[in-house]
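Report on the structure given below.
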Amino acid sequence: MTALALEEPAERVGRSWTAALSLANGAIWVGWYGPLQILLAKQSEHFAPGTGMSKESLLAWVTGVGAVVSLAANPLFGALSDRTVSRFGRRTPWIVAGTAGGALSLLLLAGAGALWVVFLGWCLVQLTLNAAFAAVTAAVPDRVPRLQRGAVGGWLGAAQILGVVVGTGLATVAGGVGAGYVACAVFTLVGVAPYVLRHRDLRLARAARPAWSWRGFAAGFWLSPRRYPDLAWAWLTRFLINLGNSLVLLYLFYYLRDRLHYDDPDSGVLILTAVNGVTLLATVVVGGAWSDRVGRRKPFVLWSGVLMAAATGMLSGWQTWPGAIVAAALLGIGFGVFTSVDFALMTDVLPAALDRGKDLGVINIANSLPQVAAPALAAPLVNQLGGYRVLYLVAAGVGLAGAILVRRIKSVA
């Protein structure tokens with residue numbers, strides 16, 4: 001087990017390992033998206049009257065500050081897991097600690113009686129669950145051979161969207177904001193347990209761990225675009241497509257209530273999330289496996305991004321409940337293919353086995369940075385620059401630019 005930690009994996013992983021890791025990944029997304037889809041929006045609406053800000057601006061601040069924490073946490077904990085020497089392996093200790101801390105942070109949010117507690121609680125959720133997420137994603141290049149990563153990435157993507165749906169469902173039906181947070185916390189703990197308890201992690205030999213220095217540790221987070229151009233283009237592709245998606249999701253609750261005048265926006269968000277989840281599940285595993293079979297990544301990322309941009313544009317031009325359902329379905333189809341194949345593409349361009357966790361953490365900034373950028377862009381677009389029509393036009397353009405840039409990658413077909 002120790003000798004295998006830094007080797008390029010050759011043996012295919014089994015269904016049990018893939019299922020357990022996927023469940024753990026989905027459970028972490030429950031902890032994120034129950035709050036993001038419903039609970040934080042309700043708390044922002046509750047506290048906004050005393051702040052002098054609109055509910056949209058307050059939600060943007062809460063999610064934006066939390067995303068800043070995420071930016072630092074993911075690569076930091078990925079790097080720490082790369083260097084961890086323990087009898088439980090490199091990744092498992094961080095999965096356990098991060099999940100436990102995330103559950104406690106969600107419980108803190110459940111009892112938030114002041115706005116500062118909401119900010120603190122959400123920052124702690126981002127800090128701790130990113131520790132677990134960094135370790136979970138690093139387990140894939142640790143254990144999965146290259147020509148199986150599209151399929152495994154597909155199952156992780158399926159679990160991710162199920163986590164969004166389950167988190168949204170728990171937040172909707174639990175019976176209040178506090179109960180919603182408690183339900184998400186419990187599910188997160190239970191969902192991670194099978195992977196931690198049933199599957200041994202690869203251990204790093206003490207002799208293989210690099211000598212410690214703060215300067216070397218800090219310098220390792222810089223991945224030169226000139227030295228690793230394909231990694232840079234892959235990162236930018238992921239960032240722009242995720243930014244477009246984040247702009248769609250951020251104000252979905254308010255969009256349904258204030259623009260479409262949907263009678264029950266809580267249920268509306270759940271319905272759209274479920275529709276999106278069904279179509280995503282129909283393509284996420286198939287897309288990844290198809291990519292493995294033909295040995296190509298870029299065409300899948302390109303055309304899935306184009307489809308997502310077109311669907312986002314529909315939210316601008318067809319502002320009705322049926323239009324929202326169709327857009328959600330098309331976004332699911334596109335994001336399903338993108339999620340699995342882009343994950344495989346990213347693992348294909350990683351520079352070194354010793355730094356897989358750190359490098360994936362840097363790559364995952366392309367997931368969390370949009371959560372900072374989206375509120376900064378969305379609030380003025382909605383409040384001063386044209387409303388939801390302009391917001392979704394901008395989101396479509398951003399996503400389309402990301403899809404086109406994948407063609408700049410040279411080392412992956």
Tell me, how many Å apart are the Cα centres for the stretch 153-215 and for the stretch 289-304? 27
For the chain, longest principal axis from Cα atoms; helix 92-110 axis from its Cα atoms; angle between them, nearest 10 degrees, is 20
With no solvent and one equal point scatterer per Cα, compute the Debye intensity ratio I(q)/I(0) for the stretch 11-152 at 0.08, 0.12, 0.18 Å⁻¹ and report its log10, rounded to two decimals. -0.26, -0.54, -0.98
Run a plain Debye calculation on the stretch 158-235 (Cα atoms as equal point scatterers, no solvent) and give log10 I(q)/I(0) at q = 0.14 Å⁻¹, rounded to two decimals, same order as the q list. -0.86
Expected sort for 137-147, 287-297 on mean C-beta neighbours within 10 Å, highest first, is 137-147, 287-297
I'd like the projected area of the stretch 256-354, averaged over all directions, using the convex hull of its alpha carbons. Report it in nm² with one decimal. 7.8
Run the reach check for residue 298 against lysines, Cα to Cα strictly under 23 Å, same-chain hits fewer than 8 apart removed. What comes back? 410
To the nearest 10 degrees, the tilt of helix 298-317 (Cα long axis) against the first principal axis of the alpha carbons of the chain is 10
Volume per residue (Å³) of the convex hull spanned by the alpha carbons of the chain is 127
Quick check: net charge around residue 172, other residues with Cβ under 12 Å of its Cβ, Lys/Arg +1 and Asp/Glu -1? -1
Rounded to 10°, Cα long-axis angle of helix 115-143 versus longest principal axis of the chain: 40
Residues of the chain: accessible area per residue with a 1.4 Å probe, Å²: 39
Project the alpha carbons of the stretch 278-413 onto their principal axes and report the range along each, largest first, in whole Å. 47, 30, 25
Accessible-area composition of the chain, carbon plus sulfur, in percent [1.4 Å probe]: 67
Partner lysines whose C-alpha sits under 21 Å from that of residue 42, ignoring same-chain residues fewer than 8 away, are 55
Kirkwood-Stokes translational diffusion coefficient of the stretch 99-243, alpha-carbon pairs, 25 °C, 0.890 mPa s, µm²/s: 134
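The values are calculated or read from the model by the stated rules, or taken from the named source; none is laboratory data. Quantities reported herein were computed from a predicted structural model and do not represent experimental measurements. Cβ coordinates were reconstructed from backbone atoms using ideal geometry, including for glycine residues, and neighbour counts include every protein chain displayed. Areas reflect the complete protein model, heavy atoms only, side chains present, ligands, DNA and RNA absent. Shrake-Rupley method; radii C 1.70, N 1.55, O 1.52, S 1.80 Å.
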